[in-house]
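The values are calculated or read from the model by the stated rules, or taken from the named source; none is laboratory data. Remember, it's a predicted structure, so these values are computed and weren't measured experimentally. Cβ atoms come from the backbone with ideal geometry, glycine included; neighbour counts cover every protein chain shown.
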Amino acid sequence: MKLILREDVYNLGKSGEVVTVKDGYARNYLLPRNLAMLASAANVHQLEHEKKVIELRVQKMKGAAEEQSKKLGAVALKITRKVGDQDKLFGSVTALDVAEALAKAGHKIERRLIHLPEPIKAVGTYDIELHLHRDVVTKIKVEVAGEQQTA
C-alpha cells in the first residue's frame, strides 16, 4: 500500500515522503494514528502544498530545539544514589532518573529524548546525549555521587 507520511516514523521515513508498506501496518498503525494518508492523486497534489507547511513547522521546531540546546549546554546535574563497598550503585541511574533531575532543574525533557546506551551503574561523571531534534544533539554532564550505606 502506498502512503504519504504526515510525520517522521522511525525506520520508515520522514514526513512528506511517499512510502510503500504492508496493508496491515498501514491499516492498524499508521492510518489510525494519523501518521500517514493514502497516496491518491488528490492527496499527492495536496502534499505539494503541505510540504511547505511541514518545512516551516520543522524549521520552527529545529529553532526551538537549538534554543533549548543552548540553555542545556550549561546544565550540570548531580544524582545521589546509595552505594556499596566498591562504589557500585544499588540499582542504577536510567534515562527516567535523568529526566526527573532535569525537571527539578527547570528543564522539561521527555525521557525518550535522552540517549543512554545502558543504565549507569557506577559512581562518576558522565556525558549524556540529548536528541532534541533529528539535527540537534546536545550533551549534558551528569555526576553520579555515592551515598554510603549505614549498617
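Quick one: in region 42-101, which of the residues that are among the polar types (S, T, N, Q) and in contact with an Asp or Glu (Cβ under 9 Å, 6 or more places away or on another chain) is surrounded by the fewest Cβ atoms within 10 Å (Cβ to Cβ)?
In this case the residue turns out to be Thr80.
Filter region 100-129 for residues that are β-branched (Val, Ile, Thr) and part of a loop (DSSP other than H, G, I, E, B); which is farthest from Asp87 (Cα to Cα)?
Ranking the candidates gives Ile109 first.
Under 7 Å between Cβ atoms, which residue pairs at least 6 apart in sequence (or on different chains) link something in region 35-51 that is free of Cβ contacts under 8 Å to residues at least 60 places away in the same chain with a partner that is in a helix (DSSP H, G or I)?
If the second residue must be in a helix (DSSP H, G or I), the pairs left are Ala36/Ala26; Ala36/Leu30; Met37/Asn43.
Under 7 Å between Cβ atoms, at least 6 apart or on separate chains: pull out the pairs that start in region 120-131 with a residue that is in the same structural domain as Val142 (by TED's automatic domain parsing) and end on any residue that is of a type in the set (Gly, Ala, Ser).
Between residues of region 120-131 that are in the same structural domain as Val142 (by TED's automatic domain parsing) and residues that are of a type in the set (Gly, Ala, Ser), the close pairs are Ile120/Ser92; Lys121/Ser92; Val123/Ala145; Val123/Gly146.
Here is a list: His131, His49. Which entry is under 30 Å from Gly13 (Cβ atoms) and in contact with a His (Cβ under 8 Å, 6 or more places away or on another chain)?
Only one candidate passes the filter, namely His131.
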